[in-house]
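This report concerns only the one structure given below.
The values are calculated or read from the model by the stated rules, or taken from the named source; none is laboratory data. As the structure is a computational prediction, the values presented were derived from the model and not from experiment. Quick reminder, even Gly has a Cβ in these numbers, built from the backbone with ideal geometry, and neighbours come from all protein chains shown. Note: areas computed on protein heavy atoms with side chains; ligands, DNA, RNA excluded. Shrake-Rupley method; radii C 1.70, N 1.55, O 1.52, S 1.80 Å.
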Amino acid sequence: MPLRSDTVEAASRTLLLLEELNRHRVTSIDRLHKATGLPKSTVVRLMKSLCAMGYAANDRRQGGYAVASRVKSLSNGFHGDPLVVEAARPWALAFTRQYHWPIAIAVLDRNCVVVRFSTIPDSPVSPFHGTLNTQLSLLGRALGRAYLAFCPVSERSMLLDMLARSQESEDRLAAERRRALALLAAIRKQGFAERDPLVEPRSSNTIAAPIVADGRVLATVGMTYFTSAIDRADIVQRYAPLVKALADNIAASVASLRK
């Protein structure tokens, strides 16, 4: 028997609300209402249900709602994280503990990269509340550029062909192959990638490096920071070498786990 449309709608609204809740450490009914477009009465009713089921909690001391530990059970059946994410986790956490800025690990997903691990919850100075599972363009974002610039030539050519047919605004540069190749060559020369300065939010930026093994890019690793907090000269001299060393350490750990 087919599901009733109102049942599907209720499930859709609940998942939409849970996804939005998961983007914040703590948030309010009003912010959830504005972000999802759901009526406040619906948000209140669904949040009560999520709290009763253990997926959310109303933390009055922090002034709002937050996801609760039971949300982890929703991903128990997902086993898609590659070995590189497992290898990267301790290195990324150690980096954030020492330097405070958040680290993200992204893997290729067709014509973009997807964030599969992030230390945002462990960073006291993260520009974002959450980026896990966020899709990032290959030509507009640092994590994507780091992949495209350092992957094998044949793979780069194939990806650029795909991007040239894409409607994604951040990848429009792919239609101008000469400019795109020049940009990627410059990234390889400096050894790390940065976000397109025209891509929002401009208050922050990311530097990224490839995690390379056996001549191919397994993933990319990036550090995101507030542009008002660090001069670019400091990025080049201090943080770029640290991020590249982080990528090398992760690659070495991948090799160890494969043995």
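Divide by every residue of the chain the summed helix terms, -39500 (n - 2.57) for each DSSP H run of at least 4, and state the resulting mean residue ellipticity at 222 nm, rounded to the nearest 500 deg cm²/dmol.
The helix contribution divided over the chain gives -13500 deg cm²/dmol.
With viscosity set to 1.002 mPa s and temperature to 20 °C, compute the Stokes-Einstein D of the stretch 156-259, Rh being the Kirkwood radius across alpha carbon pairs; µm²/s, no decimals.
Translational diffusion coefficient: 140 µm²/s.
Consider just the alpha-carbon atoms of the chain and return their Rg together with their Dmax, both in angstrom.
Values for the chain (Cα only, Rg and Dmax): 20.1, 64 Å.
Under the Karplus relation 6.51 cos²θ - 1.76 cosθ + 1.60, θ = phi - 60°, what is the ordered set of whole-Hz ³J(HN,Hα) values for the stretch 117-130, x standing for Gly and Pro?
Once θ is set to phi - 60°, the couplings for the stretch 117-130 become 8, 8, 9, 3, x, 9, 9, x, 10, 6, x, 10, 7, x Hz.
Under unit Cβ charges (Lys, Arg +1; Asp, Glu -1), what dipole magnitude, rounded to 20 debye, does the chain have relative to its Cα centre?
240 debye
If you count only protein heavy atoms and use a 1.4 Å probe, how large is the accessible surface of MET162, to the nearest 10 Å²?
Around 60 Å² of this residue is reachable by solvent.
Mind checking which of ALA219, LEU16, ASN205 is farthest towards the positive end of the chain's charge dipole, using Cβ charges of +1 (Lys, Arg) and -1 (Asp, Glu) about the Cα centre?
Selected residue: LEU16.
Sticking to Cα atoms, compute the Rg of the stretch 87-213 to one decimal and its Dmax as the biggest Cα-Cα distance, whole number, in Å.
When restricted to Cα atoms, the stretch 87-213 yields Rg and Dmax of 14.5, 42 Å.
Treating only the Cβ of Lys, Arg, Asp and Glu as charged (+1, +1, -1, -1), what charge dipole size does the stretch 141-208 show about its Cα centre? Round to the nearest 20 debye.
240 debye
How many Å² of accessible area per residue for the stretch 104-159, probe 1.4 Å?
Per residue, the stretch 104-159 has an accessible area of 38 Å².
Sequence-distant or interchain residues sharing an amide H contact under 5 Å with ALA56, placed H: which?
Hits under the 5 Å cutoff: CYS51, ALA68.
With a 1.4 Å probe and all protein chains kept in place, how much accessible area does ASP234 have, in Å² rounded to the nearest 10?
60 Å²
If I fit a long axis through the Cα atoms of helix 153-164 and take the longest principal axis of the Cα atoms of the chain, what angle between them do I get, 0 to 90°, rounded to 10?
The two axes meet at around 50 degrees.
What ³J(HN,Hα) values, in whole Hz, does the Karplus curve 6.51 cos²θ - 1.76 cosθ + 1.60 give for the stretch 211-225 when θ = phi - 60°, with x put for Gly and Pro?
Result, ordered by residue: 9, 10, 8, 6, x, 10, 8, 7, 5, 10, 10, x, 10, 9, 8 Hz.
Pop out the Kirkwood hydrodynamic radius of the stretch 25-148 from its pairwise C-alpha distances, inverse of mean 1/r, in Å to one decimal.
Result for the stretch 25-148 stands at 16.6 Å.
With a 1.4 Å probe and every protein chain left in place, tell me how much accessible area GLU194 has, in Å² to the nearest 10.
30 Å²
Using +1 at the C-beta of Lys and Arg and -1 at the C-beta of Asp and Glu, which of VAL71, ALA229, ILE103 has the Cα lying farthest in the positive direction of the dipole of the chain?
Sorting the options by dipole projection puts first VAL71.
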